[in-house]
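The values are calculated or read from the model by the stated rules, or taken from the named source; none is laboratory data. Keep in mind the model is a prediction, meaning the values are calculated, not measured. As a convention, Cβ positions derive from the backbone with ideal geometry for all residues, glycine included, and neighbour counts pool all protein chains shown. Just the protein is used for accessible areas: all its heavy atoms, side chains included, with ligands, DNA and RNA removed. Shrake-Rupley method; radii C 1.70, N 1.55, O 1.52, S 1.80 Å.
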Amino acid sequence: MVDAEALVRPVVEGAGVELVDVAFEGAGGRRTLRVTVDRAGGIDLDAIAALSEKIARRLDLEDFGAGRYDLEVSTPGIERPLRTPAQFARAVGVQVKVKTTGPVDGANVHVGRLVAADDEAIVVEIEGAARRVPLADVASARTVADWSAELKGTKV
């Protein structure tokens, strides 16, 4: 099978949008190609629809996938996954939840404000203390929304 990310990336980046993730999920009858995109300042529904159309054309031209599949193009949302050093760098100052492959300072789950990020590690401030977490030890990470502030339309 053709690499979906290799087909999708030039279309997404050509539109001035960041490719966050590509996942081909499901087996048998119901398969879905999920393409997650983002842009500084956000991306509106019209831009997502236009991008979805371009991606679908590219996949059709390249004869992607054997059989039927659904294409979903969306943003990561308010609570978004963090995978790359660039994504961590953009999230500096935001509340995050980081799970590590093994204990870092005695914990496998680290929830706090992301205060620094580079190509090697991130620093999460937890209850006033800075905790350095090597990126190699990160199993998963995402931003954590303050839902009470979101519902009020304010940011903390």
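Summary table
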quantity	calculated
Failed condition for Arg39, given (1) touching a residue at least 60 places away in the same chain (Cβ under 8 Å); (2) open to solvent by 80 Å² or more (accessible area, probe 1.4 Å)	(1)
Boolean, Val20 is within 30 Å of Val123 (Cα to Cα), in contact with a strand residue (DSSP E or B) (Cβ under 7 Å, 6 or more places away or on another chain) and surrounded by 14 or more Cβ atoms within 10 Å (Cβ to Cβ)	yes
Conditions (1) over 27 Å from Ala15 (Cα atoms); (2) within 19 Å of the chain's Cα centre (by Cα); number of the one not met by Gly106	(2)
Qualifying positions in the range 53-67 - touching a residue at least 40 places away in the same chain (Cβ under 8 Å), closer than 20 Å to Gly26 by Cα and either more than 22 Å from the chain's Cα centre (by Cα) or open to solvent by 60 Å² or more (accessible area, probe 1.4 Å) (or both)	Asp63, Phe64, Gly65, Ala66
Matching residues, the range 73-113, being buried (at least 16 other Cβ atoms within 10 Å of the Cβ), of a type in the set (A, V, I, L, M) and in contact with a helix residue (DSSP H, G or I) (Cβ under 7 Å, 6 or more places away or on another chain)	Val73, Leu82, Val104
Test for Asp146: is it loosely packed, with under 15 Cβ neighbours inside 10 Å and among the acidic types (Asp, Glu)	yes
Unmet criterion (only one of (1) closer than 27 Å to Lys97 by Cα; (2) modelled with pLDDT of 95 or more) for Glu53	(1)
Cross-chain or 6+ apart pairs with Cβ under 6 Å, the range 1-28 first and farther than 15 Å from Arg57 by Cα and of a type in the set (A, V, I, L, M), then modelled with pLDDT of 90 or more and open to solvent by 60 Å² or more (accessible area, probe 1.4 Å)	Leu19/Arg9; Val22/Glu5; Ala23/Arg34
